[in-house]
Amino acid sequence: MDASAILADLHGEPGGETVRASIESSVISAVNLAEVITKLIDNGMTAEQAWSLSDQLNCEVLDADRRRAGAAGALHAKTRRTGVSLGDRFCLALAEELGVPALTADRRWKELDLGIQVQLIR
């Protein structure tokens, strides 16, 4: 689960229903969860409110360990000209590790040729 997908759900944006339907069987990296909290704070929530709201997400949060950091870092060589962020690479690397699609609102991901399945929410 990419931060953009979670935020679409939390903000009631198009595609949020797709996120809600799959949230309980999804995982998010700790890096992407940090992005969600950051964006909620940028949009006016206090840190405590953002943490509380993100704590209500019914998906598993997976650590950003050494192996996952290496996988996300390695994707930089293939994505450096595409605007894919570090958080994006963590999401993509986690999807690759688990053999599942990366759920996102970021349409640019469909243009990536990484051998990683991407599912757009809208």
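The values are calculated or read from the model by the stated rules, or taken from the named source; none is laboratory data. What you see is a predicted model, and the numbers here were worked out from it, not measured in a lab. Note that each Cβ is placed from the backbone with ideal geometry, even for glycine, and that neighbours are counted across all protein chains shown. Please note that ligands, DNA and RNA were not included when accessible areas were found on the heavy atoms of the full protein model with its side chains. Shrake-Rupley method; radii C 1.70, N 1.55, O 1.52, S 1.80 Å.
Each label point was placed 7 Å from the Cα along the Cα-to-Cβ direction; for A69 and N43 their separation is 3.0 nm.
How much space per residue, in cubic angstrom, does the convex hull of the C-alpha atoms of the chain take up? Expressed per residue, the convex hull around the Cα atoms of the chain is 96 Å³. Dipole size of the chain about its Cα centre, with +1 on Lys/Arg Cβ and -1 on Asp/Glu Cβ: approximately 560 debye, rounded to the nearest 20. Every pair of different Cα atoms in the stretch 1-58 enters the Kirkwood calculation, which places the hydrodynamic radius at 11.3 Å. Radius of gyration over Kirkwood radius for the stretch 43-91, both on Cα atoms: the Rg/Rh ratio is 1.11. Normalised per residue, the accessible area of the chain is 55 Å², obtained with a 1.4 Å probe and no contribution from ligands, DNA or RNA.
Between K78 and S22, the simple spin-label model (points 7 angstrom out along Cα→Cβ) gives 1.9 nm. Residues whose amide H comes within less than 5 Å of that of A102, counting only those at least five positions distant or on another chain, are Q117, V118, Q119 (H built at 1.01 Å from N in the peptide plane). Of the listed residues R108, R80, the order by accessible area with a 1.4 Å probe, largest first, is R80, R108. The convex hull defined by the C-alpha atoms of the stretch 61-114 has an orientation-averaged projected area of 3.6 nm².
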